[in-house]
Amino acid sequence: MRKISPWIMPALLAGTMIASTAQADSTYIKPSSTNSSGENNMVTFDAAGADHLFYLDHRPVQLNTITVTRPDGTPGTVINGLQQRFRSVFDLRLDQQGTWRIAAQQTMVTGTFMADGQERRVGGRRAPTPAAGGERQARAGEGQRAPANPGAPVRLPPVALADMPANATDVHLTEVINRTETFVTQGAPTDVAHSGKGLEFDPVTHPNAVVQGETARFRYLLDGKPAAGITVTVVADGDRYREATDALTLTTDKDGQVAITWPKAGLYWVSAQTQDKNPGEKRAELRRMITSETLEVMTP
Amino acid sequence: MRPASFVLVAGVLSAPFASSASASTVSVTLPRLALAEYKRPYVAGWIEPATGGAARSLFVWYDMKKAGNEPGTKWLADLRSWWRKSGRLMKLPANGVSGATKGPGTYAIPLPADLTPGHYVVSIEVARENGGRELVSVPVSVPAPNGRASGKSELGAVVVSPR
């Protein structure tokens with residue numbers, strides 16, 4: 001079990017799981033290489049949410065949520081995409097010199113409301129689409145929680161936000177925006193643009209120039225402004241082979257920055273999260289934002 | 001020390017990269033490795049201010065001729081430090097810097113004549129196909145750069161000598 005629970009979304013997501021036993025997973029996009037020379041190099045990626053970094057043990061990142069930003073800012077296209085049980089996998093041909101951003105963003109609304117005297121949950125998995133080739137079929141009773149004791153009413157399955165009834169009261173909803181990204185550079189690095197929306201990773205040290213023994217500075221932006229006092233978690237690859245996650249937990253300074261000195265070369269997962277009261281969804285009370293970056297720290 | 005110096009001078013004079021006698025040089029020895037399959041390594045050298053600052057490439061030896069789907073430039077990034085500090089910011093091939101790969105031997109490369117006095121680090125990095133990667137750095141002072149270090153596997157002696 002991970003010591004640090006970066007977010008509790010999966011607990012809310014998994015209708016069949018008891019919240020207290022649900023594990024948080026870490027969303028990542030893992031590149032096969034981060035710095036390349038020459039032209040038209042191919043890079044392949046794994047995109048997954050996993051309990052251990054960077055393993056494949058929980059769920060894929062939905063392939064259709066992957067976005068690629070080319071060095072000139074135009075969108076790129078992934079090829080050879082395949083969504084599997086534990087991961088999505090895809091290739092990218094680098095047909096421009098500079099820094100490419102590969103990202104995925106998932107926005108969901110989760111929470112509870114009361115209707116007809118019963119508490120209902122919002123979010124969760126929607127009912128599986130019947131007859132969709134290759135998709136998992138619902139098991140009997142899926143989404144229903146077993147009664148706490150015999151005779152107690154069965155809890156109803158969660159409803160989609162769009163299906164929330166008009167007579168809902170005591171509405172307590174949280175919008176969760178989970179962003180994950182990684183960067184690969186062919187040739188000379190270029191700056192990474194930010195959108196000014198939500199919580200964003202705004203590197204001061206280029207994400208493809210991070211080196212063992214050196215200190216990297218990263219800035220975080222909230223709606224385009226420096227995000228001070230937010231929590232940043234750094235986890236090195238291979239936590240399945242350690243007794244503990246050994247996460248490094250940092251807090252951004254007044255300029256929204258953290259400084260990380262890399263103890264050794266390898267893949268790292270750097271994840272920040274915060275929440276505020278400015279959700280895009282009108283009926284939600286809170287906006288919880290997570291941004292997770294996969295970085296390759298090189299030898300000196 | 002005396003015999004070593006003598007060997008070094010001989011190496012410098014016989015090396016194809018020997019330049020005008022007035023220049024400071026770094027001499028690089030690529031060891032002969034007893035291997036069934038040996039491919040000439042990619043090697044790069046650069047000099048950078050000891051307190052940090054822009055690195056300046058001295059040379060890079062790579063497969064300049066290989067073209068096609070996997071051209072020789074593809075593996076330049078395996079010279080990880082050089083690629084990050086200098087290589088990826090250059091246009092290749094670069095006149096006076098790029099060269100073909102070389103086999104075992106000792107090669108002397110001139111240092112830039114226009115270095116301002118101060119402390120520098122001369123670094124040599126080697127990456128070999130199906131082999132290892134090694135980085136050797138020698139701190140020196142200009143105008144009389146003098147220092148030596150040695151690699152353990154892919155690199156032999158690296159010697160910086162004043163003019």
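The numbers here are math on the coordinates, done by the rules we state, and not lab data. Computed from a prediction, not measured in an experiment: that's the story for all the values here. Cβ coordinates were reconstructed from backbone atoms using ideal geometry, including for glycine residues, and neighbour counts include every protein chain displayed.
Within the stretch A:62-128, list the trypsin sites (Lys or Arg not before Pro) lying in a DSSP loop whose Cβ has at most 15 other Cβ atoms in a 10 Å radius. Mind showing how you got there, number by number?
Working: sites: A:Arg85, A:Arg87, A:Arg93, A:Arg101, A:Arg120, A:Arg121, A:Arg125, A:Arg126; in loops: A:Arg85, A:Arg87, A:Arg125, A:Arg126.
Passing sites in the stretch A:62-128 are A:Arg85, A:Arg126.
Report the label-to-label distance for B:Ala34 and A:Ala162 in nanometres (one decimal), using points 7 Å from each Cα along the Cα→Cβ vector.
Placing both labels 7 Å beyond Cα along the Cβ direction yields 7.3 nm.
Rounded to the nearest 20 debye, what is the charge dipole size of the stretch B:2-161 about its Cα centre when +1 sits on each Lys and Arg Cβ and -1 on each Asp and Glu Cβ? Walk me through the numbers on the way to the answer.
Numbers: 18 positive and 10 negative charges, 30 e Å.
The calculated dipole for the stretch B:2-161 is roughly 140 debye.
To the nearest 20 debye, what is the magnitude of the charge dipole of the stretch A:149-300 about its Cα centre, counting +1 on the Cβ of each Lys and Arg and -1 on the Cβ of each Asp and Glu?
On the way: 15 positive and 20 negative charges, 55 e Å.
For the stretch A:149-300, the charge dipole is close to 260 debye.
Testing the spin-label approximation: label points 7 Å from Cα along Cα→Cβ at A:Arg217 and A:Gln105. State their distance in nm.
Between A:Arg217 and A:Gln105, the label points sit 2.6 nm apart.
So how much slack lies between A:Asp72 and A:His172, counting 0.36 nm per residue of separation and subtracting their Cα-Cα distance, in nm?
Extra length available between A:Asp72 and A:His172 comes to 31.9 nm.
Write out the trypsin sites (Lys or Arg not before Pro) in the stretch B:35-87 meeting two conditions: DSSP loop, and at most 16 other Cβ atoms within 10 Å of their Cβ. Don't skip to the answer; put the middle values down first.
Details: sites: B:Lys39, B:Arg56, B:Lys65, B:Lys66, B:Lys74, B:Arg80, B:Arg84, B:Lys85; in loops: B:Lys39, B:Lys65, B:Lys66.
Here the trypsin sites (Lys or Arg not before Pro) that fit, given the DSSP loop and packing criteria, are B:Lys39, B:Lys65, B:Lys66.
For a paramagnetic label modelled at 7 Å from the Cα of B:His119 toward its Cβ, which residues of the stretch B:24-51 fall within the zone defined by backbone nitrogen distances under 18 Å?
Residues passing the 18 Å test: B:47-51.
To the nearest Å, what is the center-to-center distance of the stretch A:169-200 and the stretch A:235-260, using C-alpha atoms only?
19 Å
At R0 = 30 Å, how high is the FRET efficiency between A:Asp191 and A:Arg283 if r is their beta carbon distance? Nearest 0.05 is fine. Don't jump to the answer; show the numbers that get you there.
Details: r = 37 Å, r/R0 = 1.24.
Given R0 = 30 Å and the Cβ-Cβ separation, E is 0.20.
What whole-number distance in Å separates the alpha-carbon centres of the stretch B:127-155 and the stretch A:58-116?
What the calculation gives is 42 Å, centre to centre.
What is the pair-distance distribution P(r) of the stretch A:186-300, computed from all Cα-Cα distances in 10 Å bins starting at 0, with each bin given as a whole percent?
The calculated distribution, bin by bin, is 13, 42, 31, 12, 2, 0.
Expressed in nm to one decimal, what extension gain is obtained for the pair A:Lys264 and A:Tyr241 from 0.36 nm per residue of sequence separation less their Cα-Cα distance?
Numbers: separation 23, 0.36 × 23 = 8.28 nm, distance 1.58 nm.
Working it through step by step, the gained length comes to 6.7 nm.
Viscosity 1.306 mPa s, temperature 10 °C: what is the translational diffusion coefficient of chain B from Stokes-Einstein with a Kirkwood Rh over Cα pairs, rounded to a whole number of µm²/s?
Working: Rh = 16.1 Å.
D, rounded to a whole number, is 99 µm²/s.
Taking the Cα-to-Cβ direction at A:Gln118 and at B:Arg163 and moving 7 Å from each Cα, how far apart do the two end points lie in nm?
That separation, rounded to one decimal, is 9.1 nm.
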